[in-house]
Amino acid sequence: MKNDRPVILGYDCVSPLGTELEEQWRRVEAGESGVSALTRFPLREGFPVRIAGQVPEIDTAPYPFLRPREMAHWTSPVFKHALLVVLRALARSGIDITPELAPRTAVTFSSAIGGLDALIDADRVMTAMGKLPLPFMNPNSCINMVGGKVAIATGATGPISSIVTACATGSSSLVLGAMFIAQGMADLVICGAVDFPLVEPIVAGFATMNGAYRPKEGEEPVPPQAASCPFSLSRRGFVVSEGAGCILLASRAFAAAHGLNYGIELAGWGMTADAHHVVAPNPVTVRRCIEEAIRHAGIDPADIDSVNAHAASTKVGDRVESDVLREVFAVGVPPVSAGKSQLGHAMGASSAVESILAIEGMRRGVLLPTINHRPDPLIPLDCVAEGARTLDQEFVLKNAFGFGGCNTCLVFRRVN
């Protein structure tokens, strides 16, 4: 085991389960769902998607940087939620990015979809009324502007990059951050991702490509809270949701020099491209990604205590992930948690939020459940369907697989 792996100094997130970390932990440990009726926009008659995972409104009053005057030009919700989780993560960790620290602080915080809502709104106004877009329309719709606003808000002047790997974006931001640290380009990296994709044409597009959940024709829809059911016989696609998560990554030397505590390290990672299909996973490269992450951590598959799965609740994707896990862990797959059963699928932010909750579980000795689980005989996994389980976890494997065949797998290690 190498002792130069980057460590995690702090984190914060918002999700359909709440806007405060402690509240989200309480609800996720209790096996609650954040899925409910879709209300982000008026639903047309016959619109195919009726449910979603929506982040509750945040109280901006305690945060001067989120006051209406400060955010007047930044209409896309990705900006206020990105700034919220980043600045809270820094405060929680006790880090103040001074002018001395700023050149050694990098930003890899990103988004898979960004502020496309601002572009769509402007297009509709132009079409209906002939009005030209406001000057901030383009900045709102630029994916890299999320990281740019994070840098402006924190004063970080080290390397900045907006890595986009679809649904694996949050995990990939951690890998890029670790690379910056390993190359001596940064001591501290603000990692994570944000996505608020509940925009009418985006949601409709997920439906027409048979990705988003819809009830079987001729059958009554299940209650919203039961619709997201990864690895289950009854799975019928993912529930589109929102979220944001920030994870602060640093070198051990930085943590020691500033007297900062940590309990988790990023022990290993792997990244592969499927080079196969725009949405269907390639079992060969998915397996290699998992194996490379475990090997990079310097451990054997048997050392992994639990798996935090990608598990989007799609027919093909869940089956491939299950098959590959059984190949990698030939002597027996460790218990598998599927966070999207409770959170829905927050696109690029999903792996960031799921990683944060998995890390919190490592610290507390709790393995989170997969709710709504109805066993599929073709997926013989221990999905922790009975509810949260007490389990000491030193090593956790986190899987994330994105459209276009973007695979990123992480291994977290509890170090004290």
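Would you please name the residue that is surrounded by the fewest Cβ atoms within 10 Å (Cβ to Cβ), looking only at residues in region 192-225 that are under 18 Å from residue 141 (Cβ atoms) and among the β-branched types (Val, Ile, Thr)?
Once the filter is applied, the top-ranked residue is 202.
Condition check: in a loop (DSSP other than H, G, I, E, B) and either surrounded by fewer than 17 Cβ atoms within 10 Å (Cβ to Cβ) or within 23 Å of the chain's Cα centre (by Cα) (or both). Does residue 330 satisfy that?
Yes.
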Verdict on residue 279 being within 25 Å of residue 341 (Cβ to Cβ), modelled with pLDDT under 95 and not acidic (Asp, Glu): yes
Residue list for region 144-191, filter: of a type in the set (Ser, Thr, Tyr), buried (at least 24 other Cβ atoms within 10 Å of the Cβ) and assigned to a helix (DSSP H, G or I): 169, 171, 172, 173
Top-ranked residue of region 385-404 - restricted to ones that are touching a helix residue (DSSP H, G or I) at 6+ places or on another chain (Cβ under 7 Å) and not in a strand (DSSP E or B), ranked as nearest to residue 328 (Cα to Cα): 393
Residues within region 254-279 that are under 21 Å from the mean Cα position of the chain (by Cα) and exposed (fewer than 13 other Cβ atoms within 10 Å of the Cβ), tallied: 1
Filtered residue count, region 126-143, keeping only those that are surrounded by fewer than 18 Cβ atoms within 10 Å (Cβ to Cβ), within 26 Å of the chain's Cα centre (by Cα) and assigned to a loop (DSSP other than H, G, I, E, B): 1
Residue satisfying condition, being modelled with pLDDT of 95 or more and over 26 Å from residue 193 (Cα atoms), within set 373, 345: 373
Meets criteria (touching a helix residue (DSSP H, G or I) at 6+ places or on another chain (Cβ under 6 Å), surrounded by fewer than 22 Cβ atoms within 10 Å (Cβ to Cβ) and without any contact (Cβ under 8 Å) to a residue 60 or more places away in the chain) for residue 316: no
Residue within region 232-239 that is assigned by TED's automatic domain parsing to the domain that holds residue 385 and buried (at least 22 other Cβ atoms within 10 Å of the Cβ) present: no
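The values are calculated or read from the model by the stated rules, or taken from the named source; none is laboratory data. Just so you know, these numbers come straight off a predicted model, no measurement behind them. Positions of Cβ are backbone-derived with ideal geometry, glycine not excepted, and every protein chain shown enters the neighbour counts.
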